[in-house]
């Protein structure tokens, strides 16, 4: 696996990546749909306030989408703008992360599916995960 810490060409880095984690304060998409290869997974963390957007809304057209908290993401997450534009309809959001973990929702169906996890950074979720990991590693 190749991990790139510093890049000189964002398009090349995106085109060569299987997993992309976005953590920026951007209000305009930094990653374009045409750069994304089949099978890419996105974890979008930076869009944590209304109006922020890190990835091209068109990526959501065919993506399998999960969120940390639907209500919060609808108003201040990466899905906010695609929902308002109509690029993503709410019925295409597969569920919250807990739904996937508990087997209540299906995730990737093939190796070519593009997946997006929209996380607005729910502090309660962070604490629950930390507590779980501490207990698991004792």
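Kindly list the residues of the stretch 48-91 that lie in the label zone of residue 24, defined by a backbone N under 16 Å from the point 7 Å along the Cα-to-C-beta vector.
Correct set: 48-49, 51-59, 78-79.
Of 43, 15, 119, which has the largest mean-square fluctuation in a 10 Å C-alpha GNM of the chain?
Judging by the Gaussian network model, the answer is 15.
How high is the relative contact order of the chain, in percent, counting Cα pairs under 8 Å that sit 6 or more residues apart?
26
In square nanometres and to one decimal, what's the mean projected area of the convex hull around the Cα atoms of the stretch 6-100? Display every interim value, and only then the final one.
On the way: hull surface 23.7 nm².
Its Cα hull, projected and averaged over all orientations, spans 5.9 nm².
Please report the antiparallel percentage of DSSP beta bridges with both residues in the chain, rounded to the nearest 5.
On the way: 0 of 16 bridges.
Antiparallel: roughly 0 percent of the beta bridges in the chain.
Full-extension gain between residue 101 and residue 129, please, as 0.36 nm times their residue separation minus the C-alpha to C-alpha distance. Display every interim value, and only then the final one.
On the way: separation 28, 0.36 × 28 = 10.08 nm, distance 1.23 nm.
Answer, rounded to one decimal: 8.9 nm.
Out of every Cα-Cα pair in the stretch 69-138, what percent are more than 14 Å apart?
Working: 1638 of 2415 pairs.
Above the 14 Å cut-off, the stretch 69-138 has 68 percent of its Cα pairs.
The numbers here are math on the coordinates, done by the rules we state, and not lab data. Since the structure is predicted, the reported quantities are computational estimates derived from the model, not experimental observations. Every residue, glycine as well, gets a Cβ built from its backbone with ideal geometry; the counts of neighbours run over all protein chains shown.
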